[in-house]
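Undergrad: Before I ask anything, here is the structure I am working with.
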Amino acid sequence: MRKRRRMDPAFERRCSELVARERSGHTAVVLDSLLYVWGGYMSIADEEVFIPSDEIWVYDLEGGIWQVFHMAGDVPPSMSGTCGSSLGGNMYIFGGCDDGGQTNQMFSVDLTDGQYVWKKILPDSGSAPSHRDKLSCWVYNGKLIYFGGYGHKVLADITSRNRNFILDETSWVDDLFWGWNNEVHVFDPVKGSWAEPQTHGRPPAPRAAHAGATLGRRGYVCGGRVMETRTNDLHCLDLESWTWTEIVPSSAAPVGRSWHTVTAVSESTMFLFGGLSVDCKPMSDGWLFDVETKKWREFEHPYQDKPRLWHTACGGRDSDVVVFGGSCDYILLVDTGHCNDALVFQMQPHPLFRICEDYIAKNVRTLGRLRKQLPLLPPKLLKDLQRRISFYRPSKKQSNS
């Protein structure tokens with residue numbers, strides 16, 4: 001049984017009414033049917049305000065209840081654009097942008113002990129990548145593998161022959177120059193070491209605000225911003241041989257975009273959702289890509305009226321994809337449409353057990369026969385079902401109508 005920090009009793013009574021703050025540029029992971037949300041920013045009176053970094057929001061995907069917990073330890077600065085990932089029950093964050101600009105710090109927090117104590121990670125060997133945000137991460141073989149992003153380097157680290165970094169000619173201060181990169185860096189949590197493997201093949205162009213997913217032994221990169229363009233290209237990196245391959249689809253492809261998400265939903269399929277298109281339009285379309293047939297297929301879903309960009313997407317139960325937060329505006333022009341709803345995409349037919357569980361949870365309040373039979377269930381099954389019944393509880397508005 002997972003232990004959690006006790007909340008104030010008055011605060012606990014309000015749990016069913018709690019909802020995480022709206023935000024974009026945050027990080028989120030799913031572990032044991034719980035969605036953990038940290039960081040990001042929101043807009044208040046035309047000002048961009050970072051979400052406090054000493055709080056973590058937890059959403060029970062089965063019960064539909066939000067809770068917020070205080071965090072302690074080496075609390076990171078409040079920031080957006082960090083790269084979050086889950087490995088071994090821990091959430092790791094690397095990079096991001098705080099009040100001082102891009103960072104290259106790394107932190108971790110154990111999500112399994114209910115204490116939520118941050119630890120700052122100082123490497124035992126190797127050097128951390130340069131400062132950056134809006135990068136991606138693949139988790140493979142117990143390691144965290146980072147790709148790309150936007151950030152700065154000192155002039156001495158930039159050469160005309162270096163194809164791993166494209167200068168942003170509008171951004172420089174003294175000998176610091178900002179730009180996009182296509183570097184690959186590997187962090188081994190067990191050894192506490194950073195490494196930069198030598199890759200082979202033709203790598204993707206340097207980029208940021210792209211999307212990535214891990215399928216088997218391959219890490220995939222989709223789209224993103226490359227200088228002033230937003231692309232729809234697709235590349236994969238073999239995480240054993242470190243060989244890059246560009247994938248040419250055998251079908252029509254989604255339009256170019258950045259600030260979108262790609263999520264693995266099977267051993268051979270990825271789900272793309274949302275983003276900001278080449279003509280700066282917030283997108284709500286969904287697409288499935290089959291890595292074996294190399295075909296894109298548009299995916300019909302019930303959230304066509306909910307465009308999102310700079311949101312998060314996590315794999316959930318039965319291959320569901322859980323999208324949280326993000327913006328429905330072109331945030332470089334109008335930055336007020338930050339969201340705080342969780343959109344759950346059903347990617348495949350649910351198992352019979354889940355269908356039955358949901359039927360009971362939806363109807364138990366209106367069907368007396370079901371209510372009378374609940375106490376006959378085994379204790380563990382009854383507990384799980386009660387959690388699901390909570391998900392379908394009437395809203396406060398419905399209760400008062």
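Conditions (1) surrounded by fewer than 19 Cβ atoms within 10 Å (Cβ to Cβ); (2) within 14 Å of residue 138 (Cα to Cα), marked per residue:
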position	(1), (2)
174	yes, no
178	no, no
198	yes, no
217	yes, yes
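Undergrad: For the range 275-330, how many residues are farther than 25 Å from residue 358 by Cα, among the β-branched types (Val, Ile, Thr) and buried (at least 20 other Cβ atoms within 10 Å of the Cβ)?
TA: Total meeting the criteria: 2.
Undergrad: Tell me, which residue of the range 220-250 that is open to solvent by 40 Å² or more (accessible area, probe 1.4 Å) and small (Gly, Ala, Ser) is nearest to residue 151 (Cα to Cα)?
TA: Taking the candidates together, the pick is 241.
Undergrad: Within the range 180-196, track down each residue that is touching a His at 6+ places or on another chain (Cβ under 7 Å) and surrounded by 17 or more Cβ atoms within 10 Å (Cβ to Cβ).
TA: 194
Undergrad: For the range 49-58, which residues satisfy the criterion of being open to solvent by less than 30 Å² (accessible area, probe 1.4 Å) and either touching a residue at least 40 places away in the same chain (Cβ under 8 Å) or part of a strand (DSSP E or B) (or both)?
TA: 55, 56, 57, 58, listed by residue number.
Undergrad: I need every pair where a residue in the range 221-246 that is free of Cβ contacts under 8 Å to residues at least 24 places away in the same chain has its Cβ under 7 Å from the Cβ of a residue that is in a strand (DSSP E or B), sequence separation at least 6 or different chains.
TA: As it stands, the answer is 238/218, since those pairs meet every condition given.
Undergrad: Taking only the range 345-366 into account, find how many residues are outside any loop (DSSP other than H, G, I, E, B) and open to solvent by less than 60 Å² (accessible area, probe 1.4 Å).
TA: Matching residues across the range 345-366 total 7.
Undergrad: For the range 106-215, give me every one of the strands (runs of 3 or more DSSP E) that falls completely inside it and has 1 or more residues that are in contact with a strand residue (DSSP E or B) (Cβ under 7 Å, 6 or more places away or on another chain) and at pLDDT 95 or above.
TA: Correct list: 106-110, 117-120, 136-140, 143-154, 176-188, 193-195, 211-215.
Undergrad: Further, regarding this structure: So how many residues does the range 131-150 have that are open to solvent by 30 Å² or more (accessible area, probe 1.4 Å), closer than 14 Å to residue 211 by Cα and more than 15 Å from the chain's Cα centre (by Cα)?
TA: Within the range 131-150, residues that are open to solvent by 30 Å² or more (accessible area, probe 1.4 Å), closer than 14 Å to residue 211 by Cα and more than 15 Å from the chain's Cα centre (by Cα) number 1.
Undergrad: Further question: Listed residues 324, 353; which is within 30 Å of residue 382 (Cβ to Cβ) and in contact with a His (Cβ under 7 Å, 6 or more places away or on another chain)?
TA: From the options 324, 353, the qualifying one is 324.
The values are calculated or read from the model by the stated rules, or taken from the named source; none is laboratory data. The shown structure was predicted, so the numbers you read here are calculated from the model rather than taken from an experiment. When we count neighbours, we look across all protein chains shown, and the Cβ atoms used for this are built from the backbone with ideal geometry, even at glycine. Each accessible area value is taken on the protein alone, full model and side chains, heavy atoms only, with ligands, DNA and RNA left out. Shrake-Rupley method; radii C 1.70, N 1.55, O 1.52, S 1.80 Å.
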